[in-house]
Amino acid sequence: MQIFPGAAVPFRDADPATFVGSAQMKPLAAAEDGAAVHLYHVRFDAGARTNWHTHSGPQWLFVVAGRIRAQRWGEAPRDVVEGDAVLFSPGEKHWHGAAPGASGAHLAVNVNAKTTWLEPVSEEDYNA
């Protein structure tokens with residue numbers, strides 16, 4: 001058994017090269033570098049979001065607070081709330097962040113996934 005105490009890892013500002021707006025994140029669990037599963041706690045202030053990106057493996061989002069907006073390339077954005085879950089398939093171009101006028105937080109579970117960061121989400125896409 002391995003325990004990963006969440007309080008032992010502080011939140012840090014999300015990378016402005018891959019996020020728009022104010023967001024904080026912290027890794028919660030990864031058995032080791034190169035581990036199959038990585039767990040992150042991500043908090044988004046109003047208007048904050050990731051850039052478009054893909055993962056080489058599936059990504060699960062579990063909404064733990066507020067309202068989160070997520071969008072898959074070519075589809076309209078969808079809002080989800082605390083208790084909801086979202087699954088992105090490997091290679092699916094997407095983004096996620098706070099819904100307009102709200103803040104939110106999710107746990108992101110990346111399974112056998114490397115992330116490829118792409119362009120920022122436009123205001124038009126975000127507010128669609």
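No value in this document is a laboratory result; all are computed from the given coordinates. Bear in mind the structure is a predicted one, so any value in this text is a computation, not a measurement. In this analysis, Cβ positions are derived from the backbone assuming ideal geometry, glycine residues included, and neighbour counts consider all displayed protein chains.
Applied to the range 80-95, the Karplus parametrisation 6.51 cos²θ - 1.76 cosθ + 1.60 on θ = phi - 60° returns per-residue 3J(HN,Hα) values of 10, 10, 3, x, 7, 10, 10, 10, 9, 7, x, x, 6, 6, 7, 8 Hz, with x for Gly and Pro.
Among residues other than HIS55 whose Cβ falls under 13 Å from its Cβ, what is the net charge (Lys/Arg +1, Asp/Glu -1)? Here the count lands on +2. Orientation-averaged projection of the chain equals 7.5 nm² [convex hull of Cα atoms, one quarter of hull surface area]. Amide H contacts of ALA99: ARG67, ILE68, ARG69, each under 5 Å away and 5 or more positions distant or on a separate chain (H built 1.01 Å from N in the peptide plane; Pro and chain starts excluded).
The chymotrypsin sites (Phe, Trp or Tyr not before Pro) found in the range 65-126 that occupy coil by DSSP, while having at most 14 further C-beta atoms within 10 Å, are TRP73. In terms of the mean number of neighbouring beta-carbon atoms within 10 Å, the peptides 42-50, 104-112, 7-15 order highest first as 42-50, 104-112, 7-15. Magnitude of the charge dipole for the chain, about its Cα centre and with charges confined to Cβ atoms of Lys, Arg (+1) and Asp, Glu (-1), is about 180 debye. A dipole drawn for the range 46-128 from +1 and -1 charges on Cβ atoms has a positive end, and of VAL81, ALA105, THR115 the residue lying farthest that way is THR115. If a spin label sat at a point 7 angstrom from the Cα of VAL9 along the line to its beta carbon, the backbone N atoms of the range 42-86 nearer than 13 Å would be those of 42-43. Fewest-first ordering of LYS114, LYS26 by other beta carbons within 10 Å of each residue's beta carbon gives LYS114, LYS26. Semi-axis lengths, largest first, of the ellipsoid equivalent to the range 73-121 are 19, 15, 11 Å, with √(5λ) applied to each eigenvalue of the Cα gyration tensor.
Per-residue Karplus couplings for the range 46-61, computed as 6.51 cos²θ - 1.76 cosθ + 1.60 with θ equal to phi - 60°, are listed in order as 3, x, 7, 6, 6, 6, 4, 6, 10, 10, 6, x, x, 10, 9, 10 Hz, Gly and Pro entered as x. Computed 3J(HN,Hα) for the range 97-106, one whole-Hz value per residue from the Karplus formula 6.51 cos²θ - 1.76 cosθ + 1.60 where θ = phi - 60°, is x, 5, 5, x, x, 9, 10, x, 9, 9, glycine and proline marked x.
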